[in-house]
Amino acid sequence: MGRVIAHQEAVDRLVAACSGFEETWLQRRAEWGSEQGGHYNDLGALAVWLVDRMAARQLDCFDHLFDELEALLADPSAELRELLVVGFLEDIQNVASNHRVDPDIVLPFLGPEARKGWFELIRMWHGDAGAGWPGQTEDGSG
């Protein structure tokens, strides 16, 4: 088993993966002031920014970001995996769906562990048939 990665380190690594997010990130941190946003809110802010990039087809940092995510998912604690899957991937799914952005735009960037989490979420919320899910409902990556 590798070293235990703290939640804050994981958030910091994901937030730093896209330099274009820095200005938005600084604005969000200023809005929160001395209050911490919390890891789920931090990743939620990144997810909203990513969906905006997806809508604009500006995917230049996606390779690096999702490589970081995959590295973090390689051997996480149960709590860290939940943060990354529920706190990040699920936010991407929800924001994309709510903004009518094709969620499948991220699929080519997801590694095996992230894909596993992505499709677990779809089954959890939309059933085995993916009822109501606007994107791919099964992992066809083979």
Residue under question is Q8, and the condition is that it be without any contact (Cβ under 8 Å) to a residue 24 or more places away in the chain and not β-branched (V, I, T); does it hold? no
Selection count, the range 84-125, where residues are closer than 24 Å to D12 by Cβ and either in a loop (DSSP other than H, G, I, E, B) or touching a residue at least 60 places away in the same chain (Cβ under 8 Å) (or both): 4
Condition set charged (D, E, K, R) and within 17 Å of P103 (Cα to Cα), scope the range 22-56, selection surrounded by the most Cβ atoms within 10 Å (Cβ to Cβ): answer is R53
What number of residues within the range 1-41 are touching a Cys at 6+ places or on another chain (Cβ under 6 Å) and modelled with pLDDT under 90? 0
Kindly establish whether A55 is closer than 22 Å to E22 by Cα, touching a Leu at 6+ places or on another chain (Cβ under 9 Å) and either part of a helix (DSSP H, G or I) or not charged (D, E, K, R) (or both). no
May I ask you to list the residues in the range 26-52 that are charged (D, E, K, R) and not in a helix (DSSP H, G or I)? E35
Selection within the range 68-83 - open to solvent by 10 Å² or more (accessible area, probe 1.4 Å) and either under 14 Å from D12 (Cα atoms) or among the aromatic types (F, W, Y) (or both): E68, A71
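The values are calculated or read from the model by the stated rules, or taken from the named source; none is laboratory data. Note that this is a predicted model, so its numbers are computed, not measured. So basically every Cβ, Gly included, is an ideal-geometry build from the backbone, and we count neighbours across all protein chains shown. Only protein heavy atoms, including side chains, enter the accessible area calculation; ligands, DNA and RNA are left aside. Shrake-Rupley method; radii C 1.70, N 1.55, O 1.52, S 1.80 Å.
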